[in-house]
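Report on one structure; see the data block that follows.
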Amino acid sequence: MSEDDSSTSGGASSTVSDPEGGSNVSVLNWEQVQRLDAILTETIPIHGRGNFPTLEMQPRHIVKVVRRRMEEKQIHVRDVRLNGSAASHILHGDSGLGYKDLDLIFCADMKGESDFQTVKDIVLDCLLDFLPDCVNKQKISPLTLKEAYVQKMVKVCNDSDRWSLISLSNNRGKNVELKFVDSLRRQFEFSVDSFQIKLDSLLLFYECSENPMAETFHPTIMGESVYGDFGEALHHLRHKYICTRNPEEIRGGGLLKYCHLLVRGFRAASESEMKSLQRYMCSRFFIDFSDIGEQQRKLESYLQNHFVGLEDRKYDYLMTLHGVVNESTVCLMGHERRQTLGLIAMLAVRVLAEQNVIPNVANVTCYYQPAPYVADGNFSNYYIAQVQPMFACQHPAYSTWLPCN
């Protein structure tokens with residue numbers, strides 16, 4: 001806890017260089033601290049399935065409870081950070097990105113399988129603390145809590161990555177995502193989502209200070225860009241530039257996130273850079289999701305998780321994705337490429353039907369004009385086909401950890 005007389009409500013963050021001359025960290029100014037405080041003290045509903053009651057929790061409280069119990073179980077927590085779009089929103093509130101999920105990272109020492117199981121048990125047990133007093137908590141098992149309040153669970157353990165994720169459900173898309181990281185080789189996709197805000201000093205302030213925060217009395221809070229140069233990454237965020245490093249390392253290629261940024265008005269710094277970036281991302285996407293069924297599940301999941309309250313943008317997003325795949329895919333056979341483009345087009349038609357722009361997907365007729373070199377007199381001028389969904393929509397209930405693929 002410290003006084004910070006240099007903070008100003010409208011000024012920029014002050015960048016702090018590390019001993020090696022880099023500038024990947026920065027001190028938050030008062031305006032940014034206020035936005036962070038508002039997010040951590042906001043009450044977020046965690047909606048239960050079926051007849052389970054809604055849990056009302058503030059992010060700072062769930063962090064406090066989980067961290068304390070991890071320490072009680074001898075799992076050392078190095079620090080706690082806010083990550084992703086919420087961190088970007090705090091640093092620049094007018095980025096146009098907004099934020100949905102609240103990504104909270106617990107940087108912890110987790111070396112064995114038992115530590116991951118312990119963390120899972122801790123989170124589920126903590127949910128009992130947020131149930132209304134009228135609920136008989138003794139009759140509720142951890143499995144019941146998981147089925148009622150957990151949106152998804154992911155665990156990754158390999159040579160370079162050791163982490164797990166537990167996402168708590170919110171019907172409006174603002175899931176509280178608790179991520180427990182021992183090691184993670186790649187922590188960002190693009191510079192604009194590379195920010196992490198260290199919460200420890202503010203959490204300590206909540207515990208210890210008898211006085212409220214003010215412009216001249218608030219803890220020093222550090223932000224970090226895992227992209228590298230904090231100032232450069234913040235410049236990209238303010239001016240809506242799309243930039244990354246080593247795009248071939250991004251799982252899934254970052255293709256879906258890239259197209260989402262395009263729809264939000266972001267652009268690559270140059271035309272040549274954009275074309276190169278798109279080729280990398282398309283190639284990696286089709287390496288990681290080579291099967292058309294996997295592609296459909298990934299696309300449907302992305303639409304469901306990232307467009308809550310933004311349903312009117314789904315069609316533009318899919319058409320943007322269609323254009324990028326059509327222009328930049330160089331790693332597929334022709335029929336595979338057409339199959340993926342057909343999938344995206346089918347999803348776009350479905351979106352229009354859901355928005356009542358067209359009356360019924362099953363009644364849509366697609367017209368195809370054959371190439372000019374088709375000279376056969378018996379060849380029909382037009383090919384008419386009824387559009388049918390290529391795959392049934394599936395929304396499986398995950399009862400255990402999801403593989404990260």
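The values are calculated or read from the model by the stated rules, or taken from the named source; none is laboratory data. Since the model is a prediction, treat every value here as computed from it, not as a measurement. Here the Cβ positions follow ideal geometry from the backbone for every residue, glycine too, while neighbour counts run over all protein chains shown. All accessible areas refer to the heavy atoms of the entire protein, side chains included, with ligands and DNA or RNA removed. Shrake-Rupley method; radii C 1.70, N 1.55, O 1.52, S 1.80 Å.
Worth pointing out:
- When the residues of segment 174-192 are filtered to those that are of a type in the set (Asp, Glu) and out of contact with any Ser or Thr (no Cβ under 6 Å at 6 or more places or on another chain), the one that is least open to solvent (accessible area, probe 1.4 Å) is 182.
- Residue in segment 101-114 that is modelled with pLDDT of 95 or more, open to solvent by less than 60 Å² (accessible area, probe 1.4 Å), under 30 Å from residue 230 (Cα atoms) and aromatic (Phe, Trp, Tyr) present: yes
- Residue in segment 208-228 that is open to solvent by less than 40 Å² (accessible area, probe 1.4 Å), in a helix (DSSP H, G or I) and in the same structural domain as residue 110 (by the TED database) present: no
- When residues in segment 136-160 are screened for being open to solvent by 40 Å² or more (accessible area, probe 1.4 Å) and either in contact (Cβ under 8 Å) with a residue 12 or more places away in the chain or under 23 Å from residue 183 (Cα atoms) (or both), 9 of them pass.
- Here residue 194 clears all of (1) touching a residue at least 40 places away in the same chain (Cβ under 8 Å); (2) within 18 Å of the chain's Cα centre (by Cα) except the condition numbered (1).
- Of the residues screened, residue 168 is one that is open to solvent by less than 30 Å² (accessible area, probe 1.4 Å) and either more than 28 Å from residue 55 (Cβ to Cβ) or at pLDDT 95 or above (or both).
- Per the listing 180, 205, the residue uniquely in a helix (DSSP H, G or I) and at pLDDT 95 or above is 205.
- Among the residues of segment 257-276, those identified as open to solvent by less than 10 Å² (accessible area, probe 1.4 Å) and either closer than 13 Å to residue 324 by Cα or of a type in the set (Ser, Thr, Tyr) (or both) are 258, 259, 261.
- Residue list for segment 237-283, filter: more than 22 Å from residue 316 (Cβ to Cβ) and in contact with a Cys (Cβ under 9 Å, 6 or more places away or on another chain): 251, 269, 273, 279, 283
- Some residue of segment 28-37 being more than 22 Å from residue 170 (Cβ to Cβ), of a type in the set (A, V, I, L, M, F, W, C) and open to solvent by 10 Å² or more (accessible area, probe 1.4 Å): yes
- Unmet requirement for residue 282, which otherwise passes all of (1) at pLDDT 90 or above; (2) within 26 Å of residue 99 (Cβ to Cβ); (3) surrounded by 15 or more Cβ atoms within 10 Å (Cβ to Cβ): (2)
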